[in-house]
1. Relative to the compact-globule scaling 2.2 N^0.38 Å, provide the ratio for the alpha-carbon radius of gyration of the stretch 12-118.
2. Go ahead and estimate [θ] at 222 nm for the chain from helices alone: -39,500 (n - 2.57) per DSSP H run with n ≥ 4, summed, over the residue count, rounded to 500.
3. How compact is the stretch 170-231 by the rule of thumb for globular proteins, expressed as Cα Rg over 2.2 N^0.38 Å?
4. Using a 10 angstrom Cβ neighbour count of at most 14 plus a DSSP loop assignment to flag exposed GluC sites (Glu not before Pro), which longest range of the chain is free of such sites?
5. Assigning unit charges at the beta carbon (Lys, Arg +1; Asp, Glu -1) and nothing else, what dipole magnitude in debye, to the nearest 20, does the chain show about its Cα centre?
6. Measure out, as a whole number of angstrom, how far apart the alpha-carbon centroids of the stretch 160-229 and the stretch 62-86 sit.
7. How big is Rg to Rh over the stretch 43-98, alpha-carbon atoms, Rh as the Kirkwood inverse-mean-distance radius?
8. To check you understand DSSP bridge types, tell me what percent of the beta bridges within the chain (both residues inside) are antiparallel, rounded to 5.
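Nothing in this text is a laboratory measurement; each read-out follows from the coordinates by a stated rule. Bear in mind the structure is a predicted one, so any value in this text is a computation, not a measurement. No Cβ is skipped: glycine too gets one built from the backbone with ideal geometry, and neighbour counts run over all protein chains shown.
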Amino acid sequence: MRNFYQGEILLINKPLGWTSFQAVNKLKHGLKKHDSLLIDGKHVHLKIGHAGTLDPLATGLLIVCTGKKTKEIQSFQDLKKEYTGTFFIGATTPCYDLEKPIDHTFPTEHITEQLIADTVKSFLGKQEQVPPLFSAVMVNGKRAYDIARDGGTAELKSRPIEIMEFEITRSELPELDFRIVCSKGTYIRSIARDLGLALNSGAHLTKLCRTKIGDFDVKDALEPIAFLQSV
């Protein structure tokens, strides 16, 4: 029997449109009267947290830790990640995904399969990446996305990342399906932005799924409601 008080590692498949916080909160409220939280006849507070936030428009693997396992969250955050998804080439949005409407369009007639292949190859390795303004990065004590949503702007500092694998799995312009393996702290939306620029065009992210965190696979994960029904 699971013991959420002593600590469990849960593999959760975050649904489209949910924030990571909503997924964790759903689990917290659903588990608050579980038998393993009954100590001396009283239900105790459930410690719970997740390793690595996903945007609302992304789906895929969340590692959720409970009880004493919450001490291991940082070790999971440090693991490499695998993502699959779709880039739309020839148009940009302010947030580099579908949360905001298209603001600019660009030519794509010059883009060949060879150009795509060469450009993707150039993204491999260690590098500096500037996070999106629509992100949870702290800027002078405020979240960058709060500044952006208030109509402001801010200069975000680049951060070291590494892209270990980057392959195009379907090329039907204006869409490119991809698989990326990368280090912690990598923003796939920023890769969309930078890929568009490197192709002398523009791009944004239209679909994203986190498929792996280290050796943990989304194939072994359950959506929050399905998980609660299983315990």
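1. 1.56
2. The per-residue figure over the chain is -6000 deg cm²/dmol.
3. That ratio works out to 1.47.
4. Looking at the chain, 1-108 is the longest stretch - no exposed GluC sites (Glu not before Pro) with at most 14 other Cβ atoms within 10 Å.
5. Computed charge dipole of the chain: roughly 1160 debye.
6. Measuring centre to centre over Cα atoms gives 16 Å.
7. 1.13
8. Rounded to the nearest five, the antiparallel share is 95 percent.
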